[in-house]
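Reading through the structure tokens given below for one structure.
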Amino acid sequence: MKLLFRLSAVLVLSFQLSCCGDRLSSEYTLELPETPKSWVLLLGEPYWHLEWLGPDGKKQSTDILPGKTVKIEIPVTWTNPVTAWPYWPQHNLIQGHLKPAGALFPYDVNKKSLCLSWAAGPDTVFYWELAFANNDKEAKIPANFDWPRFRELFETKILSETVCKDPWLVDWRYVAEKTINSNFDRRRIVPQISESVSIPAGSGHWYGSSPFAEPLFFDEGETPVFPVRPGINIWISGEGILRCSGNTWVFKKFNE
């Protein structure tokens, strides 16, 4: 199955209006998802860094405190990603270390609320990656992408069981670049290759940066072996936080 970009009459109208300086926008209250219990237990409630496209088509951002929410103004004439990155400044876990939640307007609207979920986090990151890879190919802007059909790939289990369980195993930047340069092909949505690295960081349960990832468990006296992918890899245990990139790693205990 191949998914194609499409240009609807509504999107054509939005571009015409933007050229004339007119704005069609509305205000929505963001409903953030429940944070995974393992993250809250070990780290506390997160702060959130939010990113979306404003009425002028430019990226907007704001930060909110734990337990709070916010209203944002977004255009109502094209598909708009809202990404919510959790972060914990008290543990030096900045935005981007743990995977985000998200929503796509208008698909995740409920009256005057925009409902963010962990399932939609990869959707919004893929949207941003398509935008970054665009290179002025007007017909392939991410607002024109067939997002309902994209979501069906996960909902109908067309993709592999591994990817459906954890979409963050996919290299979405690679998929976006290939999509812009040629076309979308679901066969590219596969887990990124990982390397097994032995790290003497301690036993017990370890929780990853994806809200979907199954925890790792290592017995006392066992040398933990972690699956390491390109970029910064994060795991959290009851003892502290492990950061790993390639064969380089740092483990910092909570009480240090």
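Scanning the range 182-200 for residues that are in contact (Cβ under 8 Å) with a residue 12 or more places away in the chain, part of a loop (DSSP other than H, G, I, E, B) and either out of contact with any strand residue (DSSP E or B) (no Cβ under 9 Å at 6 or more places or on another chain) or open to solvent by 10 Å² or more (accessible area, probe 1.4 Å) (or both) turns up N183, D185, V190, Q192, I193, S194, P200. Listed conditions (1) in contact (Cβ under 8 Å) with a residue 24 or more places away in the chain; (2) surrounded by 12 or more Cβ atoms within 10 Å (Cβ to Cβ) are all met by S245, apart from (1). If only residues of the range 45-55 that are outside any strand (DSSP E or B) and touching a strand residue (DSSP E or B) at 6+ places or on another chain (Cβ under 7 Å) are counted, the one that is surrounded by the fewest Cβ atoms within 10 Å (Cβ to Cβ) is G54.
Checked against the criterion of being open to solvent by 50 Å² or more (accessible area, probe 1.4 Å), at positive phi and not β-branched (V, I, T), the range 94-105 has no qualifying residue.
Checking each residue in the range 113-140 for being among the aliphatic types (A, V, I, L, M) and surrounded by 20 or more Cβ atoms within 10 Å (Cβ to Cβ) picks out L114, L116, A120, V125, L130. Of the residues screened, D63 is not one that is surrounded by fewer than 16 Cβ atoms within 10 Å (Cβ to Cβ), of a type outside the set (K, R), in contact (Cβ under 8 Å) with a residue 60 or more places away in the chain and touching a strand residue (DSSP E or B) at 6+ places or on another chain (Cβ under 9 Å).
For the range 106-131, filtering for residues that are more than 15 Å from the chain's Cα centre (by Cα) and among the aromatic types (F, W, Y) leaves 1.
To keep it simple, each residue is scored yes or no on (1) in a loop (DSSP other than H, G, I, E, B); (2) touching a residue at least 40 places away in the same chain (Cβ under 8 Å); (3) not polar (S, T, N, Q).
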{"residue": "I180", "(1), (2), (3)": "no, yes, yes"}
{"residue": "G202", "(1), (2), (3)": "yes, yes, yes"}
{"residue": "W206", "(1), (2), (3)": "no, no, yes"}
{"residue": "T223", "(1), (2), (3)": "yes, no, no"}
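Checking F217 against (1) among the aromatic types (F, W, Y); (2) open to solvent by less than 60 Å² (accessible area, probe 1.4 Å); (3) farther than 24 Å from G96 by Cβ, which test does it fail? Of the numbered conditions (1) among the aromatic types (F, W, Y); (2) open to solvent by less than 60 Å² (accessible area, probe 1.4 Å); (3) farther than 24 Å from G96 by Cβ, the odd one out for F217 is (2).
Under the condition of being in contact (Cβ under 8 Å) with a residue 40 or more places away in the chain and in a strand (DSSP E or B), which residue from the range 225-242 is surrounded by the most Cβ atoms within 10 Å (Cβ to Cβ)? Looking at residues that are in contact (Cβ under 8 Å) with a residue 40 or more places away in the chain and in a strand (DSSP E or B), I get I236.
The values are calculated or read from the model by the stated rules, or taken from the named source; none is laboratory data. Only a predicted model underlies this, so the values are computations on that prediction, with no experimental measurement involved. Reconstructed Cβ throughout: ideal geometry from the backbone, glycine too, with neighbour counts over all protein chains shown. With ligands, DNA and RNA removed, areas are computed over all heavy atoms of the protein, side chains included. Shrake-Rupley method; radii C 1.70, N 1.55, O 1.52, S 1.80 Å.
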